[in-house]
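Values in this text are rule-based calculations from the coordinates and carry no lab data. The structure displayed is predicted, hence computed values, not measured ones. With ideal geometry, Cβ positions are generated from the backbone for all residues, glycine too; neighbour counts draw on all protein chains shown.
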Amino acid sequence: MNQDGIQLLEFFEGNKLEAYQDSGGVWTIGRGHTEGVSPGMVITQDQSDSFFLEDRQKTEGCVGSIVSKSINENQFAAAVCFAFNVKNWMGTPLFQFLAQGNFEAAKAHWLLYDHVTLPNGQKIEVPGLKTRREAELALFCKPIVG
């Protein structure tokens, strides 16, 4: 993942050393880490950094195994940012299009993921997710210079 993608991911994930519930009610800590997080949990900055690196590398590996081989580094970074944030991202039409190399269709679907599904099944639009999707899409469309 390139530096633009890492910075985008860090910006939108934030970095909280105390467990909190995200907008979908999922217990989260550090920079978007959810595995094994429980209410009242506190971590150090070093733990947050370690979780972030592990989670990012895992997501990068999964995305890399699915997306088209013709994807460029900005497109890959944007796809990883999306996958880091969206539950069940592998089954989304967006990733089906990326796997096929159909980047125009992927771009057309990107902004549709601006909501969360609550535990009761209700879907709500989240303004912060709209902003995040717009930033990811901008990175996806950013030309590679050099």
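The table for this structure:
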read-out	value
Cross-chain or 6+ apart pairs with Cβ under 8 Å, the range 77-103 first and closer than 18 Å to Leu139 by Cβ and in contact (Cβ under 8 Å) with a residue 12 or more places away in the chain, then basic (Lys, Arg) and crowded, with 18+ Cβ neighbours inside 10 Å	Val80/Arg56; Cys81/Arg132; Phe82/Arg133; Phe84/Arg56; Asn85/Arg132
In the range 123-137, the residues that are surrounded by 13 or more Cβ atoms within 10 Å (Cβ to Cβ), hydrophobic (A, V, I, L, M, F, W, C) and either under 13 Å from Leu112 (Cα atoms) or out of contact with any helix residue (DSSP H, G or I) (no Cβ under 8 Å at 6 or more places or on another chain) (or both)	Val126, Leu129, Leu137
Of all residues making up the range 72-91, the number that are assigned to a helix (DSSP H, G or I) and buried (at least 16 other Cβ atoms within 10 Å of the Cβ)	13
Matching residues in the range 1-19 - criterion: being under 18 Å from the mean Cα position of the chain (by Cα) and of a type outside the set (D, E, K, R)	Met1, Asn2, Gln3, Gly5, Ile6, Gln7, Leu8, Leu9, Phe11, Phe12, Gly14, Asn15
Residue match in the range 16-24 (condition: under 18 Å from Arg132 (Cβ atoms), assigned to a loop (DSSP other than H, G, I, E, B) and of a type in the set (Asp, Glu))	yes
Number of positions in the range 77-109 that are of a type outside the set (A, V, I, L, M) and under 12 Å from the mean Cα position of the chain (by Cα)	7
Residue selected from the range 111-122 under the condition more than 14 Å from Asn85 (Cα to Cα) and of a type outside the set (Gly, Ala, Ser), by the criterion surrounded by the most Cβ atoms within 10 Å (Cβ to Cβ)	Leu118
Where a residue in the range 43-71 is touching a residue at least 24 places away in the same chain (Cβ under 8 Å) and surrounded by 18 or more Cβ atoms within 10 Å (Cβ to Cβ) and its partner, wherever it lies, is among the charged types (D, E, K, R) and assigned to a helix (DSSP H, G or I), with Cβ under 9 Å and at least six apart	Phe52/Glu10; Phe52/Glu13
Hits in the range 25-59 (condition: among the hydrophobic types (A, V, I, L, M, F, W, C), outside any helix (DSSP H, G or I) and closer than 23 Å to Val116 by Cα)	Val26, Trp27, Ile29, Val37
